[in-house]
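Chemist: One structure coming up, written as structure tokens, with questions to follow.
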Amino acid sequence: MKSKSTLTIRYTGNDEQRLFLVQRGDFKFWMGDGFSHIHDKAKVFHDHDSAATAVAALQYQQFKGKPVRAFKLELDIVLAADGVEEISKEALVEYIRNSLRLNMDNSVHGDGPVEGSFVQARLRLATLEETVPRRIRF
């Protein structure tokens with residue numbers, strides 16, 4: 001990994017019974033109360049969301065109190081289907097919430113653009129609004 005303090009979510013197991021571990025850039029695993037080189041002591045998460053919540057809490061502890069800047073980036077969502085007008089916005093939000101993973105490839109690129117910096121990206125699904133499509137057929 002690029003930085004010793006970088007946190008990443010690793011998975012183990014097969015696709016039907018995938019488990020998740022949190023690993024730091026110094027190759028130590030999160031045990032729930034500290035880090036260890038011993039893989040078998042790692043805290044096991046049964047879903048990606050739980051592991052991501054743990055990573056977010058650890059990153060907060062690492063970067064809390066530091067000054068920040070904020071940026072906005074537009075994301076386009078296209079929904080195509082027969083009877084597309086009948087699909088509710090709520091159903092689309094639920095689908096996106098469950099299926100879309102926005103993550104930074106920090107194991108390769110580090111936590112931010114310079115050493116000691118951290119970039120966090122979030123999808124605010126409450127801001128989803130319908131727009132005029134650029135085309136009428138997919």
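The values are calculated or read from the model by the stated rules, or taken from the named source; none is laboratory data. Fair warning: this is a prediction, and the values are worked out from it, not measured in the lab. Using ideal geometry, Cβ is built from the backbone for each residue, glycine included, and neighbour counts are taken over all protein chains shown.
Chemist: Quick test for you: out of PHE118, PHE29, PHE45, PHE63, pick the one residue that is more than 30 Å from PRO133 (Cα to Cα) and in contact with a His (Cβ under 8 Å, 6 or more places away or on another chain). Spell out the reasoning first.
Modeler: Details: PHE118 fails: in contact with a His (Cβ under 8 Å, 6 or more places away or on another chain); PHE45 fails: in contact with a His (Cβ under 8 Å, 6 or more places away or on another chain); PHE63 fails: in contact with a His (Cβ under 8 Å, 6 or more places away or on another chain).
Sole residue among the options that is more than 30 Å from PRO133 (Cα to Cα) and in contact with a His (Cβ under 8 Å, 6 or more places away or on another chain): PHE29.
Chemist: Any chance you could count how many residues in segment 57-82 are within 17 Å of the chain's Cα centre (by Cα) and touching a residue at least 60 places away in the same chain (Cβ under 8 Å)?
Modeler: Number satisfying all stated conditions: 1.
Chemist: Quick one: which of GLU94, GLU16, GLU74, GLU85 is of a type in the set (Asp, Glu) and more than 30 Å from THR131 (Cβ to Cβ)?
Modeler: Values: GLU94 fails: more than 30 Å from THR131 (Cβ to Cβ); GLU74 fails: more than 30 Å from THR131 (Cβ to Cβ); GLU85 fails: more than 30 Å from THR131 (Cβ to Cβ).
Criteria check complete, one pass: GLU16.
Chemist: Another question about this same structure. Report yes if some residue within segment 122-134 is acidic (Asp, Glu), farther than 25 Å from GLY34 by Cα and surrounded by fewer than 12 Cβ atoms within 10 Å (Cβ to Cβ); otherwise report no. Break it down stepwise before answering.
Modeler: Just the residues of segment 122-134 that are acidic (Asp, Glu), to begin with: 129-130.
Now narrow it down to the ones that are farther than 25 Å from GLY34 by Cα: 129-130.
Of the ones still in play, those that are also surrounded by fewer than 12 Cβ atoms within 10 Å (Cβ to Cβ) are 129-130.
Yes, some residue in segment 122-134 is acidic (Asp, Glu), farther than 25 Å from GLY34 by Cα and surrounded by fewer than 12 Cβ atoms within 10 Å (Cβ to Cβ).
Chemist: Restricting attention to segment 100-121, does a residue exist that is at pLDDT 90 or above, closer than 16 Å to THR8 by Cα and in contact with a Pro (Cβ under 9 Å, 6 or more places away or on another chain)?
Modeler: The answer is yes, given that some residue of segment 100-121 is at pLDDT 90 or above, closer than 16 Å to THR8 by Cα and in contact with a Pro (Cβ under 9 Å, 6 or more places away or on another chain).
Chemist: On to the next question. Name every residue in segment 1-50 that is small (Gly, Ala, Ser) and on the phi < 0 side of the Ramachandran plot, in order of residue number.
Modeler: Within segment 1-50, the subset small (Gly, Ala, Ser) is 3, 5, 13, 25, 32, 34, 36, 42, 50.
SER3, SER5, GLY25, SER36, ALA42, SER50 - these are the residues of segment 1-50 that are small (Gly, Ala, Ser) and on the phi < 0 side of the Ramachandran plot.
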